[in-house]
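The values are calculated or read from the model by the stated rules, or taken from the named source; none is laboratory data. Remember, it's a predicted structure, so these values are computed and weren't measured experimentally. For neighbour counting, all protein chains shown are included, and Cβ atoms are generated from backbone atoms with ideal geometry for every residue, glycine included.
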């Protein structure tokens, strides 16, 4: 069977493409500086004209949108809902509003719960990721950010050798706002933000001489043992000299805790979703995390030259009581990130280093109480990547780009278990873009090789009976993907934007994290050849404009990942990846203030919970309704989620190699029933 890559480009042609990239990368190419991808506005915030230039990411490509496209001032309480509707990003909610959702782009990071990997997640231009590539999105307060930007690895050289899913940037701290929200299941949230002395950065973005933000959120949860709470704070100081030099320093801190109600069997999740298993009630899974981060960024611009550098230091203390088969992990450590980049007329280049030093104690879980310690680990991780890119106009609207990313990574542990693994790789990429003369259409094609090294959560496997657990080091290889993508985008100002991207990828040594029938982890393995393919598309249009305004938005992702002639699983679909994911919303607003929006989000087809494809759950379609009023800086909104109260399965707690007894396999997370949220907001 031919892989998607072979179907699009024969091996001989692929070899010549890579050789051509090597030749051109060493030449002085006349650089054309493309515009940065426009951000995805986290619904439902309104971005004022003097703030960041808003946009939405369609099919992995930037498409501008009006600053007044979303008028509902509802405070964001769930990151999963804030990111839903981003074409190319599969978001699977977890146990509630605060615990981290599973984020997957083009299949990377699909099976990494409860520790996320597969994306380079950045706050203020510096990664949240630890040195081993892991990140915890529960630390992110989505209300602080006006937008997010998703870019595939083919468009982000820093991510090309670190995360096969690409990068996800949270952008723009929104000042001068006070928001209060209350809702179902004891939801309570307040957000206060302010800023003074605004000025433009050299790259035209808005910054504030002094800015700060605070949020507090608490919810009882809709299932037993699902109470969650998070407090977050942000402070920033910035200084600029003319339009050439800017310096910024910021602090971001989070204190969060949440109970974990645990997974259910499929029958339990359908018939009694607001329940927990006997094991979860006994073991009482819970996570508590304290996080603080200090960052400094400097930017310099002059004519066609630019330099940028950034440094961050973050400290995390994480206490995680899991089910008895995994025990209790008490982890404390420091992460550092250092980035430097520059561009001239001919070249863009940069480097990023991530380092982690942490100490971890592991204990058995004896009915919710810490038992004997079975591991004491000292972990150290380093990831260093560098990149260089150039572009050249070929005439008649064609632009050719080429570049490389280089990686060196090391993972080492000492103490109860000793082990170390080193990784190095060179990842080339090429691209061709055609801007049609006198047309709003742009077409493109790209090819690249990407890699992603494993995290400590992959390399360290817990095994043994619950009362006598042990940890072992399992050396793993980097996962690798050769990807080709083609697509087109259309932009007619604020009236209509459309984009579509199709991709095919041949993966080798894919990192698959497995679980047993109770949801307990069984460790990570390198799979044989696998194939990934998908189509990412979005449409946005303004249907009516004037006193009455009507807009429509649609985002859809079709993706599929299969084994390629595996001796055990044949050509089965990989577990955990929904085939169809999408959102749509029709919104009306009047210039005097009232607004209404009717939306839907859906998962189409069956999603498998095991690689043997013996256990699966069906898709669903949920409706949402937003009603409210906004004028003169004041806003009131009511949001109803899951309008028709449809029972559904939101995700799984993990995936299995084979479901030997599907009826007793407890890995399913029931989706949230109908919910209500009322919010009041004042902006200045």
Inset, instruction - Return yes or no: is residue 425 surrounded by fewer than 20 Cβ atoms within 10 Å (Cβ to Cβ), in contact with a helix residue (DSSP H, G or I) (Cβ under 9 Å, 6 or more places away or on another chain) and either assigned to a strand (DSSP E or B) or modelled with pLDDT under 95 (or both)? - result: no
Inset, instruction - Quick one: which residue in 546, 570, 523 is more than 25 Å from residue 619 (Cα to Cα) and surrounded by fewer than 16 Cβ atoms within 10 Å (Cβ to Cβ)? - result: 546
Inset, instruction - Kindly check whether there is at least one residue in the stretch 530-540 that is closer than 14 Å to residue 611 by Cβ, surrounded by fewer than 17 Cβ atoms within 10 Å (Cβ to Cβ) and touching a strand residue (DSSP E or B) at 6+ places or on another chain (Cβ under 9 Å). - result: no
Legend entry - Residue list for the stretch 558-572, filter: part of a strand (DSSP E or B) and in contact (Cβ under 8 Å) with a residue 60 or more places away in the chain: 559, 561
Inset, instruction - Tell me, yes or no, whether the stretch 230-242 has at least one residue that is touching a strand residue (DSSP E or B) at 6+ places or on another chain (Cβ under 6 Å), modelled with pLDDT under 95 and assigned to a loop (DSSP other than H, G, I, E, B). - result: no
Inset, instruction - Name every residue in the stretch 376-407 that is closer than 24 Å to residue 457 by Cβ, over 25 Å from the mean Cα position of the chain (by Cα) and surrounded by fewer than 20 Cβ atoms within 10 Å (Cβ to Cβ), in order of residue number. - result: 376, 378
Legend entry - Selection status of residue 327, in contact (Cβ under 8 Å) with a residue 60 or more places away in the chain and at positive phi: yes
Legend entry - Residue among 253, 221 that alone is buried (at least 17 other Cβ atoms within 10 Å of the Cβ) and modelled with pLDDT of 95 or more: 253
Legend entry - The listed residue being on the phi < 0 side of the Ramachandran plot, touching a residue at least 60 places away in the same chain (Cβ under 8 Å) and assigned to a loop (DSSP other than H, G, I, E, B), out of 226, 250: 226
Inset, instruction - Using the structure shown, decide if residue 158 is over 27 Å from residue 390 (Cα atoms) and either free of Cβ contacts under 8 Å to residues at least 12 places away in the same chain or in a helix (DSSP H, G or I) (or both). - result: no
Inset, instruction - Run down 555, 575, 502 and say which single residue is part of a strand (DSSP E or B) and buried (at least 19 other Cβ atoms within 10 Å of the Cβ). - result: 555
Inset, instruction - Given the conditions (1) out of contact with any helix residue (DSSP H, G or I) (no Cβ under 9 Å at 6 or more places or on another chain); (2) surrounded by 23 or more Cβ atoms within 10 Å (Cβ to Cβ); (3) outside any strand (DSSP E or B), report the number of the one that residue 147 does not fulfil. - result: (3)
